[in-house]
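Just below is one structure, and these are the notes that go with it.
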Amino acid sequence: MSNRAYNFNAGPAALPLEVLKQAQEQFVDFNGSGMSLMEMSHRGAIYEGVHHEAEQLLRELLSIPDNYKVLFIQGGASTQFAMVPMNLLQPGKVASYVSTGSWATKAIQEAKLFGETAVAASSEADKFMRIPSFAELNVAPDSAYLHLTSNETIEGTQWAAYPDTGSVPLVADMSSDILCRPLNISQFGLIYAGAQKNLGPSGVTIVIIREDLIGTPSIPVPTMLRYSTHAKNDSLYNTPPTFAIYMTNLVLNWVKAQGGAAAVEKMNREKADLLYTAIDGSGGFYRGCAQEGSRSIMNVTFRLGSEELEKQFVKESEAQGFVGLKGHRSVGGLRASIYNAVPLSSVKALVDFMGDFQRRNG
Ligand SMILES: *Cc1c(COP(=O)(O)O)cnc(C)c1O
């Protein structure tokens, strides 16, 4: 399709064209049922088939062990910022966080509503342009959990590997990098991710939680905000966001058809290498924001010599069919979000545009 934009949006973000076409084909009449999936009961066999396929695929693609539940919840990752401490922070314990940027900061703010928090490490002194090393982590022994933000979408940093936290459950916000690479789920107590970056449309949040952490919260927690409610009811306690889960299921099938998480990681690294090589090889015309070793393979942040030139870059890129290259308003600069569904051809087109822009303005 020649009128497809080069979509580098940070979220909601690009979906695979194949998935969009499949959804279009099934939109009015789902598999000969005479109705759209959106018009069906979430208690009916057809929707339940989709619901359970999505769960099974996620289990398969991320090798999720049997002692973990996979939940579909609404409210976005932002609701998880509260649900995690509401459900996991017991009295006398402290909620520990790694402070790595904009999203980690929001998670910490929310936890403060429910008890004592501690910062196990912070990269704020470096303007959040790096991920702290394992050696810097100072996890209070009485921590209910240690929370980290796997990929800081706004700053463009990403944990290359995850710390071993021993008996302290590791909680990770993977909203912007879930399924970008294989994971060892047993390293984690809980993982959450809003779907709209790497998994599907907005409207559904994935929670992967080890069963022993589901228990009963120590404070009164509304029914809908208890993990146990969703775990006991297969995420069908109330009406789930059926269309968002359906779309996520299509994306998961697409990831499987690409060869799974390892194959997708290979494609992601190729895309990221191409961009970072272009930035590093520009003789200083483009400057990467994140420190080497902390660079994200999902959100590539970079700057030009002046804000004026950055504005011009955005304007000219838009005229040539590129979308979403303006950095987040809180940090400025430029950002190319290259999630799983962003094709290599888009990244190649961007690198060509960057070279051309430099020739004209360097
Ligand atoms: C986008 C994002 C969020 C917020 O997600 P919502 O679904 O909008 O609440 C949280 N954390 C990270 C890392 C994100 O990228």
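Of Arg335, Arg329, all but one fail to be of a type outside the set (Gly, Ala, Ser) and assigned to a loop (DSSP other than H, G, I, E, B); the exception is Arg329. Tallying residues that are closer than 26 Å to Ala261 by Cβ, exposed (fewer than 13 other Cβ atoms within 10 Å of the Cβ) and of a type in the set (D, E, K, R) within region 28-73 yields 1. Each residue in region 190-205 was checked for being surrounded by 24 or more Cβ atoms within 10 Å (Cβ to Cβ) and either more than 8 Å from the ligand (Cβ to nearest atom) or among the hydrophobic types (A, V, I, L, M, F, W, C) (or both), and 9 of them qualify.
Number of residues in region 162-188 that are surrounded by 22 or more Cβ atoms within 10 Å (Cβ to Cβ) and of a type in the set (Val, Ile, Thr): the value is 2.
Is it true that Ser122 is modelled with pLDDT of 95 or more and within 16 Å of the ligand (Cβ to nearest atom)? No; evaluated as a whole, the condition is false for this residue. Taken over region 111-126, the residue count meeting the criterion of being assigned to a helix (DSSP H, G or I) and closer than 11 Å to Leu89 by Cβ is 1.
Of all residues in region 294-319, those satisfying the criterion of being more than 19 Å from Asp273 (Cα to Cα) and either among the hydroxyl-bearing types (Ser, Thr, Tyr) or outside the structural domain of Lys266 (by TED's automatic domain parsing) (or both) are Ser306, Ser317. All conditions in (1) in contact with a Gly (Cβ under 7 Å, 6 or more places away or on another chain); (2) closer than 23 Å to Leu190 by Cα; (3) of a type in the set (Gly, Ala, Ser) hold for Ala290, with the sole exception of (2).
What strands (runs of 3 or more DSSP E) completely inside region 127-232 contain at least 3 residues that are of a type in the set (Val, Ile, Thr)? So that I can check it myself, show each step before the final result.
Values: elements: 143-149, 170-173, 190-194, 205-210.
Of the strands (runs of 3 or more DSSP E) lying wholly inside region 127-232, those with at least 3 residues that are of a type in the set (Val, Ile, Thr) span 205-210.
When Ala257 is tested against (1) surrounded by 16 or more Cβ atoms within 10 Å (Cβ to Cβ); (2) under 30 Å from Ile46 (Cα atoms); (3) among the small types (Gly, Ala, Ser), just one condition goes unmet, and that condition is (1).
Residues in region 151-159: is at least one surrounded by fewer than 24 Cβ atoms within 10 Å (Cβ to Cβ) and more than 27 Å from Thr100 (Cα to Cα)? Checking region 151-159: not a single residue is surrounded by fewer than 24 Cβ atoms within 10 Å (Cβ to Cβ) and more than 27 Å from Thr100 (Cα to Cα). Among the residues of region 81-110, those identified as part of a strand (DSSP E or B) and either in contact with a helix residue (DSSP H, G or I) (Cβ under 7 Å, 6 or more places away or on another chain) or among the charged types (D, E, K, R) (or both) are Ala95, Tyr97, Val98, Ser99. Residue pairs whose Cβ atoms lie under 6 Å apart, separated by 6 or more positions or on different chains, with the first residue in region 89-112 and assigned by TED's automatic domain parsing to the domain that holds Phe134 and charged (D, E, K, R) and the second buried (at least 22 other Cβ atoms within 10 Å of the Cβ) and part of a strand (DSSP E or B), are Lys93/Ala144. Within region 66-82, one or more residues are more than 16 Å from the chain's Cα centre (by Cα), in contact (Cβ under 8 Å) with a residue 60 or more places away in the chain and within 16 Å of the ligand (Cβ to nearest atom). Could you give every pair whose Cβ atoms fall below 9 Å, whose first residue belongs to region 327-345 and is surrounded by fewer than 16 Cβ atoms within 10 Å (Cβ to Cβ), and whose second residue is part of a loop (DSSP other than H, G, I, E, B), counting only separations of at least 6 or pairs across chains? Once the first residue is surrounded by fewer than 16 Cβ atoms within 10 Å (Cβ to Cβ) and sits in region 327-345, its partners that are part of a loop (DSSP other than H, G, I, E, B) give Ser330/Ile154.
When Pro12 is tested against (1) under 22 Å from Leu183 (Cβ atoms); (2) in a loop (DSSP other than H, G, I, E, B), just one condition goes unmet, and that condition is (1).
The values are calculated or read from the model by the stated rules, or taken from the named source; none is laboratory data. Since we're looking at a predicted model, the values are computed, not measured. Cβ: placed from backbone, ideal geometry, glycine included. Neighbour counts: every protein chain shown.
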